[in-house]
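Trainee: Have a look at this one.
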Amino acid sequence: MNDTPKQPKTRLFHRLALFGYFGLLILMPVWLFLLSPREGHSAGFIFVVYILPLLLPLKGIVQDKPYTFAWANFIVLIYFIHGFTLLWIAKDEWLWVSLELIFATSMFIGCTYYARHRGQELGLKIRKLKEDLADEKEAHQHNSE
């Protein structure tokens, strides 16, 4: 954990990200194993496809690492696809699908802006490709002399 204080806007996005993340982490197993078990799919398949991806960023999220919040957005896309697909084909599960989409949206927005604002507060910066290319060109010119 870093001692740099979080601005109010950063704290808001952090809470939004955690709300969405832990909401999905609780909802998915409860929904898919208890409330509406999937016929034709093994428990192992359900775990690997819908639960395991959420566990991948757990350590970094608990440790409050902005970079983890940033790449966790790739994982949340699975839940958007799942939710929007079920909106179309499983109208009888609209409540659970709506919760999944609310949590996924909260996580996506929270993670995106938390990573951005917290990274700025900590002085983290992703180098631009232009800077990398300029450094590489300079090193190449220096080596060819």
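Trainee: Just tell me the longest site-free run in the chain, where the sites are trypsin sites (Lys or Arg not before Pro) in a DSSP loop having at most 15 other beta-carbon atoms within 10 Å. List each step's numbers first, then the result.
Mentor: Numbers: sites that count: 38, 125, 127, 128.
Here the longest segment lacking exposed loop sites spans 39-124.
Trainee: Using only the Cα atoms, work out Rg/Rh for the chain, with Rh taken as the Kirkwood radius, to two decimals.
Mentor: Details: Rg = 19.7 Å, Rh = 17.2 Å.
Ratio value, two decimals: 1.14.
Trainee: Let me ask you something else. Using a 1.4 angstrom probe on heavy atoms only, work out the carbon and sulfur share of the accessible area of the chain in %.
Mentor: Values: 6280 of 9560 Å².
Roughly 66 percent of what the probe reaches on the chain is carbon or sulfur.
Trainee: Under the rule of -39500 (n - 2.57) per DSSP H run of 4 or more residues, summed and divided by the residues of the chain, what mean residue ellipticity at 222 nm is obtained, to the nearest 500 deg cm²/dmol? Could you put the intermediate results ahead of the total?
Mentor: On the way: 7 runs with 104 residues, N = 145.
Rounded to the nearest 500, the figure is -23500 deg cm²/dmol.
Trainee: What are the residues whose amide H is under 5 Å from the amide H of residue 6, where those residues sit 5 or more places off or on another chain and H is modelled from the backbone?
Mentor: none
Trainee: Mind checking the stretch 22-100 for GluC sites (Glu not before Pro) that DSSP puts in a loop (not H, G, I, E or B) and that have at most 14 other Cβ atoms within 10 Å? Mind dumping the intermediate values first?
Mentor: Working: sites: 39, 93, 100; in loops: 39.
Taking the stretch 22-100 and a limit of 14 other Cβ atoms within 10 Å, the loop GluC sites (Glu not before Pro) found are 39.
The values are calculated or read from the model by the stated rules, or taken from the named source; none is laboratory data. The shown structure was predicted, so the numbers you read here are calculated from the model rather than taken from an experiment. Cβ sites come from the backbone with ideal geometry, for glycine too, and all protein chains shown count toward neighbours. Ligands, DNA and RNA are stripped out before the accessible areas are found, and what is left, the full protein with its side chains, is counted by its heavy atoms. Shrake-Rupley method; radii C 1.70, N 1.55, O 1.52, S 1.80 Å.
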